[in-house]
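Quick note: the coordinates plus some simple rules give every number you see, no bench work behind them. A quick note: this is a predicted structure, and the numbers were derived from the prediction, not measured. Using ideal geometry, Cβ is built from the backbone for each residue, glycine included, and neighbour counts are taken over all protein chains shown.
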Amino acid sequence: MFRFLLVSLAIDTILGGVTVSERKRELGEMTKGNHLGDVYGTTLERIKTQKGGGSRLGMDALMWVSNSERPLRDSELCHALGVRIGSTDLDVENVPTIRTLIGSSLGLITVEASSSIVRLVHFTLQEYLSSNPSLFRSPHSMIAEVCLTYLNFRCVRELSPTLVSAPPTVPFVGYASCYWGKHTGKEKTESATQLALQLLARYEEHIASRLLLLHYHGYRDWQDPNSKKFMPKGFTGLHGAAFHGIGEIVVALLATKEWSINERDNIGRTALSWAAIRGYEDVVKVLLQLKDIDPNAEDTQYRQTPHLWTTERGYEGMVKLALELDDINPNTADIGHGRTPLSWAAERGHKGVVRMLLERADINPNTPDTQYGRTPLWCAAERGHEGIVKLLLELEDINLNTTDTQHGRTPLWWAAERGYEGIVKLLLEREHINPNTADTQYGRTPLWWAAERGHEGIVKLLLQRGDIDPNTQDTGHGQTPLLWAAQRGCAGIVRMLLEREGVNINTADTQYGQTPLLWAVERGHERMVGMLLEREGVNPNTADTQYGRTPIWWAAERGHEGIVKLLLELEDINPNTADIGHGRTPLWWAAERGHEGIVRMLLEREGVNPNTADTQYGQTPLWWAAQRGYEGIVKLLLERADLNPDIPGPSGETALDSAVSREHSGIVRLLSQPRLSLLIPIDIGKAANVGQSTLPQGNLLNNSKKRTIHLSDGGKERKKPRGAPT
């Protein structure tokens, strides 16, 4: 749509081409977005040459839309353009319609149908207007004077200061109340100053103060509009001038009468508090020069002094001004959390403020807050402010091992947990640091956290200490740093821990009874498994205490073929260990999950029993392979001379029956073929119980008789199940 509008705006330029070819080329360039500056410039010249008031109205509309602090609605813009500077009341007959404004701007502004917000036709127009400031003369001072004139209208002054929004009869009052100070601060004029003084003289009873506080505190419809913070009681003209931060107006206002300079508004804030909170150094400087000013006045909302606000927000200039006062208390803490200025500055990362505070001889660097017992060093370490930590550590009396009262975490604990390697290094260089202090919540040390989070550099720094305990277990699940590193797959950390003298490689957690080897195997960290198996004393057959699962059990169940290979290379590995829950062996799991490579490796291992059935349902590896349709695994199992293919499953169906019912024709063919040139008498009852199956005898066919199964080509063939291939 913008392209069509662009063409319409540039029609004179397009028609300026002498030939058809030139016109087509110019049209193409326009639709691509090229030559926009020329188009906008041409259109603005056309606006300026309009007859009557159209020229002024069009340019003023563009000035407002391009310089307003927030998008204006159509009614707001119309009322703003209907203001005559010097008038005392609103003249509704002088308010233009939005249609008139759009027409006067020749299409450069548009109105969103859904929100009634007036916008420039394209973002490139904003760029063009911003890059050509000479188009509008002193736009901000003009906007400021319009806002202040509007607020001083008699119809606006008579509005109740309890309203929560601008009435439809004066829609511009909301914008004017909130932003007159912004525009005045950008371009100051004597006219704007006088209009501001006129407004501020009765500010506490004016709707402008009410709408300003509602906006500042983020009022929403579901909130109580009569809450103290929304009410302008005590919010005087001096408060308003300090809030908007215009030093010249504050000076001029103080000259109009004798003000109560320490008067508090509804939430206990003085004019100095507001200037400090908003960061207006010029206003703070003016107010601090007043004879009876109280720089230590606390507000009633957060119980913070102006000095606390400036240190929390990092206003270095204002902090310096405050610290030059004789009666300032640099250690005053807020009532809510007991946070001192140094505590706030350290947490927020205001290094310059921290440096200024520490230059004071009366500053206490170890004061903990009353909420959680956090010291400035604790806060800086927790947030990762290395420069501030360095400044604090230069103090001889700094408390290195201070813990919070919530979970007993030290500065070193936080730095290690968050991965702030530089801070960890700084702390460990101090003589009296305790590297083993565990939190009181779960008993986790800095080394524990560094290993769990994978902070390799920090683990290295900690392990360089001779007094570090590498085997500490948390109180939650009894996990050591090595356990966590193995579980997370942090090979570098595992290597460093294994190189540390005294590390216990077989320590199991208290939740599942899993060792580092078990965790590494379960998670498939092959490289780490290799490192652990190289260590003397590692037990490759250690089973967890929950279900009796060994490393090879986990590797087979999860399909970690490389790990199975590593484990089977060990002479003392037990490949037949079954879990205590259901009696499932590594071969059982590999067959059930379809891990053909693992099945092959296990069957090549001497002593592996291919007939071991689980103790829950009596299902063998062959039964599961047939049921799942893993033809390759079935073939591998049938190559074993000691395999019994006729062990029935839970409902008496054999592997062949299962393959037939599921139409795995390839497996049916394999199971139906003669296997050996031998006649092997098999006791069905005994064969079914290979692997300690607990199936009741009633589930077996002909369990009281011995059957001769003919396996030779010349012998009598077995009776095939229904559906088997002939």
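One-quarter of the Cα convex hull surface for segment 438-539, in nm²? Walk me through the numbers before you get to the answer.
Values: hull surface 23.1 nm².
With the hull built on Cα positions only, its mean projection is 5.8 nm².
Please compare each pair in Lys257/Lys291; Lys48/Lys188; Lys188/Lys229; Lys390/Lys425 to a cut-off of 21 Å on the Cα-Cα distance and tell me which ones are over it.
Working: Lys257/Lys291 15 Å; Lys48/Lys188 27 Å; Lys188/Lys229 30 Å; Lys390/Lys425 10 Å.
Those over the limit are Lys48/Lys188; Lys188/Lys229.
What is the dipole size for the chain, taken about its Cα centre, with +1 at each Lys and Arg Cβ and -1 at each Asp and Glu Cβ, in debye to the nearest 20? Let's see the in-between values first.
Details: 79 positive and 88 negative charges, 514 e Å.
It comes to approximately 2480 debye.
Note down the relative contact order for the chain as a percent, whole number, built from C-alpha pairs under 8 angstrom at least six residues apart. Walk me through the numbers before you get to the answer.
On the way: 1213 pairs, mean separation 30.3, N = 726.
After rounding, I find 4 percent.
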Extension reserve of the Asp572-Thr370 stretch, reckoned as 0.36 nm per residue once the Cα distance is removed: 66.8 nm
Cβ-based charge dipole, segment 438-539, positive-most Cα from His477, Val459, Gln514: Val459
Net charge contributed by nearby residues that have their C-beta within less than 15 Å of Gly338 (K/R +1, D/E -1): -3
Spatially proximal aspartates and glutamates relative to Lys228 (Cα-Cα < 13 Å; intrachain offsets below 8 disregarded): Asp265, Asp299
Cα centroid of segment 264-293 to Cα centroid of segment 470-532, whole Å: 59
Local electrostatic count, Ile505, Cβ distance below 15 Å [Lys/Arg +1, Asp/Glu -1]: -2
Whole-Hz ³J(HN,Hα) from phi, Karplus 6.51 cos²θ - 1.76 cosθ + 1.60, for segment 138-150, glycine and proline x: 6, x, 6, 5, 5, 5, 4, 5, 5, 4, 5, 4, 4
